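This report concerns only the one structure given below.
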Ligand SMILES: Nc1nc2c(c(=O)[nH]1)N[C@H]1C(S)=C(S)[C@@H](COP(=O)(O)O)O[C@H]1N2
Ligand SMILES: [Mo]
């Protein structure tokens, strides 16, 4: 019977008069829930928040899962090679090596960078930059595939949902990925366009991105694996749990198959790979590096390989590197001053080594010849246990005009103060009268126009 209740029952106790209504403060969560309820019943405003707005029949957990798993593999490689790149600078050795001072405990994993295999940095940094560029289409495709979720209605369902969407997902993940990719690509393409140091921006951006990425993967990996396992034809109904808000409730007719979409993104990645990889492979392949500014023709002859910054652009005056140039070798309380002729009179050693820049370009092995760093250390009486060495250029200022090389680098028999390359004197742009060349190290450690070596410094 409708309306039946305790107080209508005949013979029941007379109803107590209602207590005067106290002003009750509704808790925040309660108010939020009410607002959500109102928003939900009012329905989304016209536009991208309407479920029917996103109509591509391709969107669904399978496609997002495939892009997600590709990114998981690719981004993991980017993180590892990126962390290695930072370690390769030996930042803990000396403040001047550290392009990201104030890293704090983010440098917890640093280790002494090895000198073998001699092509190590060429490989890790080539992979880092080429893969980073090639993943851009996949990253964009992944964002495209989840776009309806960015416009979900109501925008915030609960405190947890708000946290996930606002702080974690949107800002940190999408923002972190965008920031890290954009700074990386700008550094490859345009170098030195940053308001601060590229290293600092890319380093912190990457850590934010990594943290958000790990959380995101932890939440989403099982779903992605399930969807990909279920196969390409798997398209759950829009409202189902498995659809994850990705499936359009009113799909438009397909203009391309899911396989076709994948092929398109894959072709985009492959094309980017082909127009960038040449700058890392070098040699003939440089001609294919259309997208890489460092793929331009470096000239011919013994000095005909990539120049990072010319002598002129580094502020080197002809008089700095003319006949008055001297090399000072210090260490163990002693000092020797040498002319280039004196250096050429010392035992000349050869080493076939590449130059590999953080920007991703590298040269094939060049034949360098000059004096071993261990032989220079011996000049001031140091034995085979050559210590670390501070290398300084005649260049005034600039963060690459000096570096500290670790003891393992100074001791390696292939580490030279090079005077000649490929059978000719170094050109001014490649560091004449003398430059450092060491195996496996990043380009930035191959200081040009060297004028002083101080062994054992900083103590
Ligand atoms: N003095 C000095 N040495 C330097 C640099 C510099 O700017 N100044 N640039 C470094 C960087 S970043 C690279 S990649 C290599 C490039 O050497 P290359 O121009 O002979 O190819 O030189 C290194 N040596
Ligand atoms: Mo470099």
* Roughly how many Å is it from the Cα centre of the stretch 93-117 to that of the stretch 297-311, as a whole number? -> 30 Å
* Structure fact -> With label points set 7 Å from each Cα along the Cα-to-Cβ direction at residue 34 and residue 344, the distance between them in nm comes to 9.0 nm
* What's the FRET efficiency of residue 384 with residue 72 using the Cβ-Cβ distance as r and R₀ = 35 Å, to the nearest 0.05? -> 0.15
* For the chain, what class follows from the C-alpha gyration tensor (a ≥ b ≥ c being the square roots of its eigenvalues): rounded when a/c is under 1.5, otherwise prolate if a/b is larger than b/c, else oblate? -> prolate
* Structure fact -> When 149, 142 are ranked with the fewest other C-beta atoms within 10 Å first, the list becomes 149, 142
* Asked: Using 0.36 nm per residue, how much length does the chain from residue 407 to residue 197 gain when fully extended, once their Cα-Cα distance is taken away?
  -> 72.9 nm
* Structure fact -> Per the rule of 0.36 nm per residue minus the C-alpha distance, extending residue 106 to residue 170 adds in nm 20.7 nm
* Asked: So, in nm, how far is label residue 332 from label residue 189 when the simple model puts each one 7 Å beyond its Cα toward the Cβ?
  -> 5.3 nm
* Would you work out if the stretch 318-455 is rounded, prolate or oblate? Take a ≥ b ≥ c from the square roots of the eigenvalues of the alpha-carbon gyration tensor; rounded if a/c is under 1.5, else prolate when a/b is larger than b/c, oblate otherwise. => rounded
* Estimated inter-spin distance, residue 259 and residue 217, nm [label 7 Å along Cα→Cβ] -> 3.0 nm
* Asked: Expressed as a whole number of Å, what is the distance separating the alpha-carbon centroids of the stretch 56-78 and the stretch 362-425?
  -> 45 Å
* Structure fact -> So for R0 = 51 Å, FRET eff. of residue 425-residue 140 from the Cβ-Cβ r, to 0.05, ends up at 0.60
* Asked: In whole Å, what is the distance between the alpha-carbon centres of the stretch 123-147 and the stretch 221-254?
  -> 23 Å
* Structure fact -> Here the gain from full extension of residue 250 to residue 233, 0.36 nm per residue of separation minus their alpha-carbon distance, amounts to 4.4 nm
* Using the beta-carbon distance between residue 399 and residue 365 and R0 = 22 Å, what value does 1/(1 + (r/R0)^6) give for FRET efficiency, to the nearest 0.05? -> 0.25
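Here, each number is a calculation from the coordinates, and none is a lab measurement. Keep in mind it's a predicted model, so treat the numbers as computed, not measured. Here Cβ is always computed from backbone atoms with ideal geometry, including for glycine, and neighbour counts include all displayed protein chains.
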